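*Asks:* Here it is, the structure, as structure tokens.
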There are 2 protein chains.
Amino acid sequence: MNIKEEVRKMKKVSPRVAALPLETRDRALALIKEELNARQEEIFAENSKDLTEAEKNGVAPAVMKRLKFNEAKLADVSKGIDQLISLPDPLGKVTINRELDEGLLLRRVTCPIGVIGVVFEARPDALVQISTLCIKSGNCAILKGGRETTYTNRILFSIIYACLLEAGYPENCMLQAEQHNEIDELLQCDGLVDLLIPRGSNSFVQYIMNNTRIPVMGHADGICHIYVDSEADQEEALRIIADAKTQYTAACNAVETLLVDRSIAAEFLPKLSAMLQKEGIALRGTKEVTDLIGGETIGDDGFIEYLALIVSVKLVSSLEEAVDHINRFGSHHTDCIITESDEKAEEFMELVDSAGVYRNCSTRFADGFRYGFGAEVGISTGKIHARGPVGLEGLVTYKYKLYGHGQIVGDYASGKSEFHFKDIEI
Amino acid sequence: MNIKEEVRKMKKVSPRVAALPLETRDRALALIKEELNARQEEIFAENSKDLTEAEKNGVAPAVMKRLKFNEAKLADVSKGIDQLISLPDPLGKVTINRELDEGLLLRRVTCPIGVIGVVFEARPDALVQISTLCIKSGNCAILKGGRETTYTNRILFSIIYACLLEAGYPENCMLQAEQHNEIDELLQCDGLVDLLIPRGSNSFVQYIMNNTRIPVMGHADGICHIYVDSEADQEEALRIIADAKTQYTAACNAVETLLVDRSIAAEFLPKLSAMLQKEGIALRGTKEVTDLIGGETIGDDGFIEYLALIVSVKLVSSLEEAVDHINRFGSHHTDCIITESDEKAEEFMELVDSAGVYRNCSTRFADGFRYGFGAEVGISTGKIHARGPVGLEGLVTYKYKLYGHGQIVGDYASGKSEFHFKDIEI
């Protein structure tokens, strides 16, 4: 398949797709849900092929769980589609409605971004989630999933695409890429693809970011922090740290670094050490930490993303020092303060330059579903366009519509006419 | 000056600058206006040095006009600062206020982007406009203006920076780069600079976009179209085209290509030809156009940005063909339809994939001041983050603040707790 040629066709139909009414988009979603359920046995059979292949290749059990597409996963994606259908239309929202002068009306209206490329890990439910988010938001999409779920992806995509055509979508409205080398072709499609959303390992996302001129939304690493302030409820801190590290260790929102106020170190660190041992979490710390409670000693370059049952620990003398450490060594993903002081919490949440700034709860809450967005296409650690979990709102942009009756700028430059800027309620 | 070192210091103070209250930001703006006016003689004297230098170098009169900073320009920037002070605070707006569960409150709050690098043309008033927009929006900024206004930029910046310190800003909150090679150093500051806004020639902006990993907002070319539909008021069309081409020919929002419905060509083209001749505008057209009214014949690759008194003309058979031409050859800046048909206007404005889609008015209206934004830092033809003229709103992002009381994700995964997602009015 010549990706650029296919994407060019998609670019051409994308304005038509963008103009499809809500009813058509929702009808496509309803059809997809129906067909996925009607053809579940076929889907599960294809999924078995992927699983057999994966077993042969000695894929780890944790990954096997992600590859599986069964009744439970089908029920989850069906629920997700229902939720999407029930959400209000993200398109056509008038966010500015301003009379610039008599008979000269400016409207800013939300519209789809256009053509979005999503490269994601081997998780069949992700394919459904991402494609349906793109459908609801009026976008065309090129989807490239992990090769470990090739058979499952293929049948899921063919069902989704057939439903789109049945609902009245034009051909080339959605595309599946299957070959790994097609990713590189996709990266060359600047001017045709409006946005790339890569998901996956740090090095993979970094590769995408470094090798394309297309805007990229996503995150490479997730180095999340928990700062235990001197006024923390220490038992609560221990519970939150355990959850943030162990509830899903491989997630980008798992905690990687603990910062502990020096004034409570002698009291808190032994309790922390006991909890870490109980949970099977290894400790790496600065010298003053390991002198107190053991573990491997690390320097300034040791505050990395583990995605494993390991945590870094460092002492700080003040909230300011904690903030500076997080802003310098963190990845601007999600960072939390544990404190009973309202004042310190506000200062921390104001000064930490991250997509998520939390007080007294687990960093694992950083997720589109848990924020009530229905689903997410990914989490952004960039500050441009969308930040944090990206749902429907992150997949739209806007355009300015200006309605005139022959107005020219010359008349305003000469003073013959004058703007009066009246915002008009809709 | 070691730019990276300076920018690193700026990055460190940027959260403090972001947290400054509206009163401090507005006070800084008021001081700047006061000082610029109090020290106008000094400023004009420095500007004279630039003008003398420019004259020696044989700078064109049109450019000389832009280099000049006199009473009229000072009055304009003073008015701009007053307007900025009167605008509501773009920061701290709560755009989501949602109880995820009892005692677990999610807030999405607008905040500054952080550190912004702006590289702009030789126009002293631009330096004041850009820096004051960054101040109101809580951002730190690195400013690099054109070298033809070195003396003027230097005194303007030193006044602005002194006012910031007097208002209570920390050192390193704003920086002026003077050397051209410092632009390349700036491009290497990914991780420290959050956004680059280049203004200037097509090739310069393209160079910036191709040589940095920092997100870039702006536009390279501005190939704007006017489509004269079969149901156009032809006299109105001529007036609008004349304005869009001649009112400021070198601007990115000047029209470059006219598309004319074939069914009215025989009637409209002679009138167009007469108007173009009267206005001194040269015509380049496809063969069927030049066969009818003369001019240089061009092919598919001839639809370029002139920034001069030249316009391309092509006939199309339908609105669809016009839309396809614009989406393929345009630069997604600003495009206009001239028609008396409401239906066709809506279809055009829906399907054209540009930041500005206009009906019956000049493309020259695409401008932050004319949209009522007070001012603009630039115009974006990208679809990510901000589109069209970029004012205060384009200089902010948001963060998610999550307030808990010890909540952990494990309790929600196990079913012990459940989200209830209640949006709460503020």
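Each value in this text was obtained by applying a stated rule to the coordinates, not by laboratory testing. Quick caveat, the model's predicted, so the values are computed rather than measured. Glycine gets a Cβ as well: all are built from the backbone with ideal geometry, and neighbour counts include every protein chain shown.
*Asks:* Give the residue from A:Met209, B:Thr363, A:Gly117 lying farthest towards the positive end of the charge dipole for the protein assembly as shown; charges sit on Cβ (+1 for Lys and Arg, -1 for Asp and Glu) and the dipole is referred to the Cα centre.
*Replies:* Projecting each Cα onto the dipole axis, the largest value belongs to A:Met209.
*Asks:* In degrees, nearest 10, range 0 to 90: what is the angle between the Cα axis of helix B:124-136 and the longest Cα principal axis of chain B?
*Replies:* Rounded to the nearest ten degrees, it is 40.
*Asks:* Which lysines have a Cα lying under 22 Å from the Cα of A:Lys65, excluding residues fewer than 8 positions away in the same chain?
*Replies:* Excluding near neighbours in sequence, the set is A:Lys49, A:Lys56, A:Lys73, A:Lys79, A:Lys144, A:Lys245.
*Asks:* Limiting things to C-alpha atoms, what are the Rg and the maximum Cα-Cα separation (Dmax) for region B:304-426, in angstroms?
*Replies:* 22.7, 72
*Asks:* Under the rule a/c < 1.5 gives rounded, and otherwise a/b versus b/c splits prolate from oblate, where does region A:139-298 land using the Cα gyration tensor?
*Replies:* prolate
*Asks:* Another question, then. List the distances, in nm and shortest first, from the label point of A:Lys278 to the matching label points in every other copy, placing each point 7 Å from Cα along the Cα-to-Cβ direction.
*Replies:* Shortest to longest, the spacings are 8.9 nm.
*Asks:* Taking a label point 7 Å out from Cα toward Cβ, give me the nm distances from A:Met209 to the same spot in the other copies, shortest first, one decimal.
*Replies:* Taking the point 7 Å beyond Cα along Cα→Cβ, the inter-copy spacings are 2.1 nm.
*Asks:* If I take all pairs of Cα atoms in region B:184-249, what percentage of them are more than 20 Å from each other? Please report the intermediate quantities before stating the final value.
*Replies:* Values: 1070 of 2145 pairs.
Result: 50 percent of Cα pairs exceed 20 Å.
*Asks:* Relative to the first principal axis of the alpha-carbon coordinates of chain B, what is the inclination of helix B:22-38, with its axis defined by its Cα atoms, in degrees from 0 to 90 and to the nearest 10?
*Replies:* Helix B:22-38 and the main axis of chain B meet at about 60 degrees.
*Asks:* Related question: Taking the Cα centre as origin and putting +1 on Lys and Arg beta-carbons and -1 on Asp and Glu beta-carbons, what dipole magnitude results for the protein assembly as shown, to the nearest 20 debye?
*Replies:* Magnitude of the dipole: close to 760 debye.
*Asks:* To continue, here is another question. Output the Cα-based Rg and Dmax of region B:224-365 in Å, rounding Rg to one decimal and Dmax to a whole number.
*Replies:* Cα radius of gyration and Dmax of region B:224-365 are 13.2, 35 Å respectively.
*Asks:* Sticking with this one: What order, most packed first, do the peptides A:153-164, B:261-272 have when packing is the mean number of other Cβ atoms within 10 Å of each residue?
*Replies:* Those peptides, ordered most packed to least, come out A:153-164, B:261-272.
*Asks:* Counting only other chains, and only Cβ atoms inside 10 Å, what mean value do you get across the residues of B:410-420?
*Replies:* Across B:410-420, the average partner-chain Cβ count within 10 Å equals 3.
*Asks:* Compute the distance in nm between two label points, each set 7 Å from the Cα along the Cα-to-Cβ direction, one at A:Asp184 and one at A:Thr95.
*Replies:* For the pair A:Asp184/A:Thr95, the computed spacing is 3.8 nm.
*Asks:* Also: Residues of B:323-332, mean number of Cβ from any other protein chain within 10 Å of their own Cβ, rounded to a whole number? If you can, show how the numbers build up before the last one.
*Replies:* Numbers: counts 2, 2, 0, 0, 5, 4, 0, 0, 0, 4.
What the average comes to for B:323-332 is 2.
*Asks:* Here's another thing I want to ask about it. Semi-axes of the equivalent ellipsoid for the protein assembly as shown, please: Cα gyration tensor eigenvalues, times 5, square-rooted, ordered largest first, whole Å.
*Replies:* They are 47, 37, 22 Å, listed largest first.
*Asks:* Pick out, from A:Ala232, A:Leu319, A:Phe348, the residue whose Cα sits farthest towards the positive end of the charge dipole of region A:224-365, with +1 on the Cβ of Lys and Arg and -1 on the Cβ of Asp and Glu.
*Replies:* A:Ala232
*Asks:* Cβ under 11 Å from A:Cys224's Cβ, A:Cys224 left aside: what net charge do those residues give with Lys, Arg +1 and Asp, Glu -1?
*Replies:* -2
*Asks:* Where the label is 7 Å out from Cα toward Cβ, how close does B:Arg16 come to the same position in every other copy, in nm, shortest first?
*Replies:* Values, ascending and in nm: 5.8.
*Asks:* Across peptide A:346-352, how many C-beta atoms of other chains are within 10 Å of each residue C-beta, on average?
*Replies:* Average neighbour count from other chains, rounded to a whole number: 4.
*Asks:* Run the numbers on region A:224-365 and let me know its relative contact order in percent, using alpha-carbon pairs under 8 Å that are six or more apart.
*Replies:* It rounds to 34 percent for region A:224-365.
*Asks:* Once the other residues with Cβ under 14 Å from the Cβ of B:Pro61 are scored (Lys, Arg +1; Asp, Glu -1), what is the net sum?
*Replies:* Summing Lys and Arg as +1 and Asp and Glu as -1 gives +1.
*Asks:* Mind listing P(r) for region B:1-70? All alpha-carbon pairs, 5 Å bins, whole percents.
*Replies:* All Cα pairs, binned at 5 Å, distribute as 3, 13, 13, 11, 11, 16, 18, 10, 5, 0 percent.
*Asks:* Further, regarding this structure: Among rounded, prolate and oblate, which fits region A:83-233 when a ≥ b ≥ c are the square roots of the eigenvalues of its C-alpha gyration tensor, a/c under 1.5 means rounded, and a/b larger than b/c means prolate?
*Replies:* Oblate, because a/c is 1.5 or more while a/b does not exceed b/c.
*Asks:* Using amide H atoms built in the peptide plane, which far-off residues or other-chain residues are under 5 Å from A:Val255 H to H?
*Replies:* Those qualifying (amide H under 5 Å, at least 5 residues apart or on another chain) are A:Lys245.
*Asks:* Roughly what would the spin-label model give for A:Glu393 and A:Val13, points 7 Å off Cα along C-beta, in nm?
*Replies:* According to this spin-label approximation, the distance is 3.1 nm.
*Asks:* For B:Lys12, list the aspartates and glutamates whose Cα falls under 15 Å from its own Cα; do not include residues on the same chain fewer than 8 positions away.
*Replies:* Straight-distance partners of B:Lys12: A:Glu320, A:Glu321, A:Asp324, A:Glu350, A:Asp353, B:Glu171, B:Asp190, B:Asp194.
*Asks:* Output the 0 to 90 degree angle, nearest 10, between the alpha-carbon long axis of helix B:40-56 and the longest principal axis computed from the alpha carbons of chain B.
*Replies:* 40
*Asks:* For A:Asp76 and A:Ala266, FRET efficiency with R0 = 30 Å and r from the beta-carbon atoms, rounded to 0.05?
*Replies:* For R0 = 30 Å, the calculated efficiency reads 0.05.
*Asks:* Quick check for me: using +1 on Lys/Arg Cβ and -1 on Asp/Glu Cβ, what's the dipole size of region B:3-220 about its Cα centre, in debye to the nearest 20?
*Replies:* Computed charge dipole of region B:3-220: roughly 340 debye.
*Asks:* Normalising by the residue count of region A:256-324, find the relative contact order in percent from Cα pairs under 8 Å and 6+ residues apart.
*Replies:* Relative contact order, region A:256-324: 47 percent.
*Asks:* How far, in nm, would the chain grow between B:Ala250 and B:Glu235 when pulled straight, counting 0.36 nm per residue and subtracting the alpha carbon separation?
*Replies:* Working: separation 15, 0.36 × 15 = 5.40 nm, distance 2.46 nm.
Computed gain between B:Ala250 and B:Glu235 is 2.9 nm.
*Asks:* Distance between Cα centroids, region A:157-222 to region B:233-275: provide it in whole Å.
*Replies:* Using only Cα atoms, the two centres lie 40 Å from each other.
*Asks:* Which one, B:Gly80, B:Ile379, B:Tyr151, is farthest towards the positive end of the dipole of chain B when Lys and Arg carry +1 and Asp and Glu -1 on their Cβ?
*Replies:* Value: B:Tyr151.
*Asks:* Tell me, what is the FRET efficiency for A:Gln277 and B:Glu418 to the nearest 0.05, using R0 = 25 angstrom and their Cβ-Cβ distance as r?
*Replies:* 0.20
*Asks:* Now for a separate question. Once fully extended, how much extra length lies between B:Ala308 and B:Asp291, figured as 0.36 nm per residue of separation less the alpha-carbon to alpha-carbon distance?
*Replies:* Full-extension gain reported as 3.8 nm.
*Asks:* Here is a follow-up. For region B:224-365, with only Lys/Arg (+1) and Asp/Glu (-1) charged at the beta-carbon, what is the dipole magnitude about the Cα centre, in debye rounded to 20?
*Replies:* 700
*Asks:* Sort B:367-373, A:278-284, B:310-316 by the packing proxy (mean of other Cβ within 10 Å over each peptide's residues), most packed first.
*Replies:* Per-residue Cβ counts within 10 Å, averaged per peptide and sorted highest first, yield B:310-316, B:367-373, A:278-284.
*Asks:* Please state the shape class of chain A: rounded when a/c is under 1.5, otherwise prolate if a/b exceeds b/c and oblate if not, all from the C-alpha gyration tensor. Walk me through the numbers on the way to the answer.
*Replies:* On the way: a/c = 2.27, a/b = 1.31, b/c = 1.73.
Verdict is oblate for chain A.
*Asks:* For chain B, set up a Gaussian network in which alpha carbons nearer than 10 Å are linked by springs, and say which option among B:Asp125, B:Asp50, B:Asp184 fluctuates the most.
*Replies:* Its mean-square fluctuation being the largest, the pick is B:Asp184.
*Asks:* In whole Hz, what ³J(HN,Hα) sequence does region B:392-400 give by Karplus (6.51, -1.76, 1.60; θ = phi - 60°), x for Gly and Pro?
*Replies:* 4, 4, x, 9, 10, 10, 8, 10, 9
*Asks:* Further question: Which residue is it, in chain B, that holds its beta carbon closest to the axis of the B-onto-A rotation, and how many whole angstrom away?
*Replies:* B:His385, 2
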